[in-house]
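Novice: Handing you a structure now.
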Amino acid sequence: MNIAALLTLLAVIRSALPQTICNSQLLVVTSSPGVVTSDGYPGRYPAGTDCTCELRGASGIVVQISFNDFQVDSFPGSLSGAPGTCTHHYLEVYNGVDLSAANLLGSFCGTRLPPTLISSGAALTLRFVTSPYSLNNRYRGFSINYTALTDIQGQALDSGCWSMRRLTAPSGSIVSPGFPTAYPGNLACTWEIVASSESTIMLQFLTFLVGGTAAICENNVNDYVIVYTGTGQNKVSQGTYCGWELPQFMDLGNEVTIELVTNNVGGFRGFFVTYTVIGPTTTTEPPPTIPTTT
């Protein structure tokens, strides 16, 4: 049987099998969306696991994952809602099938939905690790959509940081590559958040360390983040940010652009920012408290 026929056969039978990360070492990605979950979802995931799942598509496509639900123990995380250090229980996402630090797109825990991520080639790999010494007594894990994308109109899908460039969902998140470990050097990444004309976008940086604690970001040198109102040629800078202090914003209008630029060194934790679209009938809510367990 040739490879194309095998991929077709696997795509047909995948819906008949439970798609959980610990019993699906390989999932075939097509334009028909699939779902993979943590074991036991929506019940509690088990402790003491270390499972990987490769999401592979045909040549010429990229793999996109987006999160329907996410609740992973963040101990010893922050009660402020900021992501934890993800040392006990965590989900790692890798670009491709090589599980090296250079390919790590992010390590996630807590209750904030991770961002929508895309591969540079035809594969992504998920790795879910749970500590045998920290029993899960309240967390349900995750549910992830995966699908294949083709750039048939020649428009860039990738932000430059292996995530979706244009974000139109009513809420979401953006992280620097490799978060919460060090981001690489030589990045030039752009994200555009777009909402309806009667709405406004609110940003909340939960954690921020770009260029080091003593960084100086005048004249846009070394590592920095720029936040703009508007998109494309009409965008207007609201400030350039580096160092460790959390950028603060009020009303940013209905279109926002975020840029991350790093020099050839890299090496800092980066950032995790969430956004929420506020419309005429919506109200803001305080960030959720992330419980901790031992």
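Novice: Tell me, what is the 1.4 Å probe accessible area of MET202, in Å² to the nearest 10?
Specialist: Only protein atoms counted, so the area is about 80 Å².
Novice: Ordering ASP73, ASP158 by accessible area with a probe of 1.4 Å, largest first, what comes out?
Specialist: Result, largest first: ASP158, ASP73.
Novice: Sorted by accessible area (1.4 Å probe), largest first, how do LEU203, LEU246 line up?
Specialist: If we order LEU203, LEU246 from most to least accessible, we get LEU246, LEU203.
Novice: Determine the gain in length on full extension of the stretch ASN186-TYR133; use 0.36 nm per residue of separation and subtract their C-alpha separation, reporting nm with one decimal.
Specialist: 15.2 nm
Novice: Accessible surface of SER171 in the full protein assembly, 1.4 angstrom probe, to the nearest 10 Å²?
Specialist: 70
Novice: Given a 1.4 Å probe and every protein chain left where it sits, what share in percent of the accessible area of region 87-139 is carbon and sulfur?
Specialist: Carbon with sulfur: 53 percent of the solvent-accessible area.
Novice: Could you compute how fast region 122-184 diffuses translationally, taking Rh as the Kirkwood radius over C-alpha pairs and applying Stokes-Einstein at 25 °C with viscosity 0.890 mPa s? Give it in µm² per second.
Specialist: Stokes-Einstein gives a translational diffusion coefficient of 159 µm²/s.
Novice: Modelled label-to-label distance, MET250 and LEU157, 7 Å Cα→beta-carbon offset: nm?
Specialist: Each label point is offset 7 Å from its Cα along the Cβ direction, giving 4.0 nm.
Novice: Grab the Cα-Cα distance for THR150 and SER100, subtract it from 0.36 nm times how many residues apart they are, and report the gain in nm with one decimal.
Specialist: Extending this stretch completely gives an extra 15.4 nm.
Novice: Leaving ligands, DNA and RNA out of it, rank SER59, SER74 by accessible area with a 1.4 Å probe, largest first.
Specialist: The residues order as SER59, SER74, largest area first.
Novice: Could you report region 115-195's accessible area per residue, 1.4 Å probe, as an integer in Å²?
Specialist: Per-residue value: 40 Å².
Novice: So how exposed is ASP251, as accessible area in Å² (1.4 Å probe, rounded to 10)?
Specialist: 120
The values are calculated or read from the model by the stated rules, or taken from the named source; none is laboratory data. For clarity, every value in this text was computed on a predicted model and none was experimentally measured. Note that each Cβ is placed from the backbone with ideal geometry, even for glycine, and that neighbours are counted across all protein chains shown. The protein model used for the area step is the full one, side chains on, heavy atoms only, and it has no ligands, DNA or RNA in it. Shrake-Rupley method; radii C 1.70, N 1.55, O 1.52, S 1.80 Å.
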